[in-house]
Amino acid sequence: MSESIIQKISLFFFYAFLDERQAIVASKKAIDVLNKKVSLSEGTGNAPDLEPSLIIHIIFKIWKSMKDSNSLSFTNFNLEAGWIVPEDINLGLWRQFLKDASEPELHAAILSQILFFSDADISKGLGVTVGTVRMRTSYALRKLGALRL
C-alpha cells in the first residue's frame with residue numbers, strides 16, 4: 001500500500017474525530033482491512049485492486065463502527081510520536097464545523113475538499129449518487145464559510 005493512501009486514511013480519521021487516539025486506532029484498522037484485501041487479491045493471481053471507491057468504503061465502515069461503538073483499544077500503540085500540528089494552525093473553526101455539520105456533510109467535506117477524491121469515487125464508495133455528493137459538499141462549504149464570518 002502506498003504512503004499516499006496511508007496518509008489519506010490517517011488524515012480522514014484525524015479530521016473526522018479530532019482525537020489522536022481514535023484517529024490512530026481507526027487508521028490502523030482501515031489499513032489492516034485494506035492490506036488483507038490486497039493479500040487476498042494477490043493470492044488469487046489478480047492484481048491488487050485498491051480503487052479510491054474501495055478505500056472510501058472501508059474508511060466509512062471503520063468510522064461508522066468506531067463512532068457507533070465508542071470503544072477503543074489502545075494496545076500496541078506508541079502515541080508519543082503522534083500528530084504534529086503546526087502551532088499556527090487553529091482547529092477551532094473545524095471543531096465548530098464538526099458540531100454544526102451533519103455526518104454526510106462532514107464526510108463530503110473531508111473526502112472532497114481535503115483529500116481530493118473525485119465526486120464519482122466518493123459516490124461509489126458511499127453508495128450515493130454524484131448529485132448527492134455534490135449537494136453535501138455544497139452544504140458543508142456553506143457551513144464552513146459561515147463560520148469564517
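The values are calculated or read from the model by the stated rules, or taken from the named source; none is laboratory data. Predicted model only: the values in this text are computed from it and were never measured. Using ideal geometry, Cβ is built from the backbone for each residue, glycine included, and neighbour counts are taken over all protein chains shown.
Quick look at the values:
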| quantity | calculated |
| --- | --- |
| Residues that are in contact (Cβ under 8 Å) with a residue 60 or more places away in the chain and assigned to a loop (DSSP other than H, G, I, E, B), drawn from the range 1-38 | Leu18 |
| Unique residue being among the polar types (S, T, N, Q) and surrounded by 17 or more Cβ atoms within 10 Å (Cβ to Cβ) when the list is Thr132, Thr137 | Thr137 |
| When residues of the range 110-122 are limited to those that are free of Cβ contacts under 8 Å to residues at least 60 places away in the same chain and buried (at least 16 other Cβ atoms within 10 Å of the Cβ), the one farthest from the chain's Cα centre (by Cα) | Asp119 |
| Hits in the range 128-144 - residues which are in contact (Cβ under 8 Å) with a residue 24 or more places away in the chain and either in contact with a Phe, Trp or Tyr (Cβ under 9 Å, 6 or more places away or on another chain) or of a type in the set (Gly, Ala, Ser) (or both) | Ala140, Lys143, Leu144 |
| Which listed residue is farther than 17 Å from Tyr15 by Cα and either at pLDDT 90 or above or in a loop (DSSP other than H, G, I, E, B) (or both), from Glu105, Glu80 | Glu80 |
| Unmet requirement for Ser41, which otherwise passes all of (1) exposed (fewer than 14 other Cβ atoms within 10 Å of the Cβ); (2) more than 19 Å from His107 (Cα to Cα); (3) at pLDDT below 90 | (1) |
| Selected residue (criterion: modelled with the highest pLDDT) from residues of the range 53-72 that are surrounded by 10 or more Cβ atoms within 10 Å (Cβ to Cβ) and over 13 Å from Ala30 (Cβ atoms) | Ser53 |
| Complete set of residues in the range 123-143 that are farther than 22 Å from Leu34 by Cβ, over 15 Å from the mean Cα position of the chain (by Cα) and of a type outside the set (A, V, I, L, M) | Thr129, Gly131, Thr132, Arg134, Arg136, Ser138, Tyr139, Arg142, Lys143 |
